[in-house]
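Participant: Before we start, here is the structure in question, set down as structure tokens.
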Amino acid sequence: MIDAVVGIDAGGSSVRVRAVSAAGLTLFEGTGGPGNPVVASDGALRASYAAALAGCPEAARIVACVSGTQSADQRQRVGALLADLTSCREIAVRPDYVAAMKAAPDGTDVLVIAGTGSLVCSRGDDGAYRLSGGRGWILGDHGSAARLGRAALEWYCDDPGAPASEFAAQVAEAVGSADWRQIVRLVSSAASPPELLARAAPVLTTAARAGQDWALTQLSAEMSGLAATTSRHIGRHGPGRGLVEVALAGGVWQSDVARRCYQSALERLGPPPVRLTRSRLSPLDGAVALAAHPGR
């Protein structure tokens, strides 16, 4: 008997894989590049999953929770790729928010995901997921790493001679160049623009944490957009009682200044009152739990 199951958490920046035994022991962990089928090319997608799965033991079951797979076509696309890359016969592909919700603290009413992209979700009494936001970095995803990185690079490219050399060095480290012309070319030609933009998100949050007005303005605008989406979601799909428990998942929330800006924006929008909690477990933990206990 095969003594392993595999959970996969895949988004616009990375694919993360973990194999665990029936006893819950970690047997393998791997990572790859962008795993969202909407924003990554076929070649880049295959390379990402192949890199993350390289060396992974044979598994009885794989559950992959992947951003960009709300449509059946995209789930089938990722499922076919996983079937080609592994010998596993039981493969399930689900949207990324399913794993994030599985990993959320008990009692969560609303989950706000802010990674490479962003999304607000909750579950109804019927078990169905209710979603708000998303739509990608061009038309949505407020407060996401891709949007924060875009804001930083846009400000830099508007007047590349104005920022201090230290800021230019941070930009170069994040995206590979401090020349604004090259930055434009890099973003335009990237296999996954959101992944490239997301690398520059810490440039914005670091500047905001240092009290730079331009960065605080940009960060506040993005977090206000995400707070507005959250407020509308609570109004339409909230629990209908006093305090609303809101869990935060995703890499953006590692920034304390991002969390503060978001909380302030949410509080300005008024009732109902909310309590914010960062998810202790990661979406990868949620994907592994779904693979280990598919019936729960």
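The values are calculated or read from the model by the stated rules, or taken from the named source; none is laboratory data. Bear in mind the structure is a predicted one, so any value in this text is a computation, not a measurement. Cβ sites come from the backbone with ideal geometry, for glycine too, and all protein chains shown count toward neighbours. Note: accessible area is taken over every heavy atom of the protein model, side chains too, but ligands, DNA and RNA are not part of it. Shrake-Rupley method; radii C 1.70, N 1.55, O 1.52, S 1.80 Å.
Participant: In whole percent, what relative contact order does the stretch 24-95 give with Cα contacts below 8 Å and a gap of six or more residues?
Facilitator: For the stretch 24-95, the relative contact order is 33 percent.
Participant: Around residue 174, what is the net charge, scoring Lys/Arg as +1 and Asp/Glu as -1 over all other residues with Cβ under 14 Å from its Cβ? All intermediate terms of the calculation are to be shown ahead of the outcome.
Facilitator: Numbers: positive: 150, 199; negative: 154, 166, 173, 179, 195.
Residues near residue 174 contribute -3 overall.
Participant: Continuing with this model, one more query. On the accessible surface of the chain, probed at 1.4 Å, how many percent belong to carbon and sulfur atoms?
Facilitator: Ligands and nucleic acids excluded, carbon and sulfur give 49 percent.
Participant: Provide the convex hull volume over Cα atoms per residue for the stretch 89-202, in Å³.
Facilitator: Taking only Cα atoms, the stretch 89-202 has a hull volume of 144 Å³ per residue.
Participant: Please work out how much length the chain gains when fully extended from residue 2 to residue 169, using 0.36 nm per residue of separation minus the C-alpha to C-alpha distance, in nm with one decimal.
Facilitator: Values: separation 167, 0.36 × 167 = 60.12 nm, distance 4.93 nm.
So the chain would gain 55.2 nm between residue 2 and residue 169.
Participant: Once you keep just the Cα pairs under 8 angstrom separated by 6 or more residues, what percentage relative contact order results for the stretch 93-252?
Facilitator: Working: 236 pairs, mean separation 55.1, N = 160.
With pairs under 8 Å counted, the relative contact order is 34 percent.
Participant: Give me the distance in nm between label points sitting 7 Å out from Cα along the Cα-to-Cβ direction at residue 188 and residue 139, one decimal.
Facilitator: Here the answer is 2.3 nm between the modelled labels.
Participant: State whether the chain is rounded, prolate or oblate according to the following rule on the C-alpha gyration tensor (a ≥ b ≥ c being the square roots of its eigenvalues): a/c under 1.5 gives rounded; otherwise a/b larger than b/c gives prolate, and the remaining case gives oblate.
Facilitator: Oblate is the answer for the chain, as a/c is 1.5 or above yet b/c matches or exceeds a/b.
Participant: Moving on. Could I have the simple spin-label model distance between residue 125 and residue 210, label points 7 Å from Cα toward Cβ, reported in nm to one decimal?
Facilitator: With each label placed 7 Å out from Cα toward Cβ, I get 5.3 nm.
Participant: Rounded to the nearest whole Å², what accessible area per residue is found for the stretch 206-255 with the 1.4 Å probe?
Facilitator: 44 Å²
Participant: Continuing with this model, one more query. Test of understanding: extend the Cα→C-beta vector of residue 50 to 7 Å, then name every residue of the stretch 1-32 with backbone N under 13 Å from that spot.
Facilitator: Under cut-off, by backbone N: nothing.
Participant: Here's another thing I want to ask about it. For the stretch 2-149, calculate the relative contact order in percent as a whole number, restricting contacts to Cα pairs under 8 Å that are 6 or more residues apart.
Facilitator: Relative contact order for the stretch 2-149 comes out at 18 percent.
Participant: Next up: Taking a ≥ b ≥ c as the square roots of the eigenvalues of the Cα gyration tensor of the stretch 17-144, is the shape rounded (a/c under 1.5), prolate (a/b larger than b/c) or oblate?
Facilitator: It is oblate, given that a/c is not under 1.5 and a/b is not larger than b/c.
Participant: Please report how far the C-alpha centroid of the stretch 4-79 lies from that of the stretch 193-259, rounded to the nearest whole angstrom.
Facilitator: Each part's Cα centre sits 26 Å from the other's.
Participant: Quick check on the chain: helices-only [θ] at 222 nm, where DSSP H runs of length 4 and up contribute -39,500 (n - 2.57) each and the sum goes over total residues. Nearest 500, please.
Facilitator: Calculated mean residue ellipticity at 222 nm is -14000 deg cm²/dmol.
Participant: Taking loop as defined by DSSP and a crowding limit of 12 other beta carbons within 10 Å, which trypsin sites (Lys or Arg not before Pro) in the stretch 227-288 fit?
Facilitator: Loop-located and lightly packed - 241, 280.
Participant: Determine the shape class of the stretch 204-296: with a ≥ b ≥ c the square roots of the Cα gyration tensor eigenvalues, call it rounded for a/c under 1.5, and otherwise prolate if a/b is greater than b/c, oblate otherwise.
Facilitator: It comes out oblate by the Cα gyration axes.
Participant: Moving on. Enumerate by residue number the GluC sites (Glu not before Pro) in the stretch 193-296 meeting two conditions: DSSP loop (anything except H, G, I, E, B), and at most 13 other Cβ atoms within 10 Å of the site's Cβ.
Facilitator: none
Participant: Could you work out how much longer the chain between residue 260 and residue 154 gets when fully extended? Use 0.36 nm per residue separation minus the Cα distance between them, nm to one decimal.
Facilitator: So the extension gain works out to 35.9 nm.
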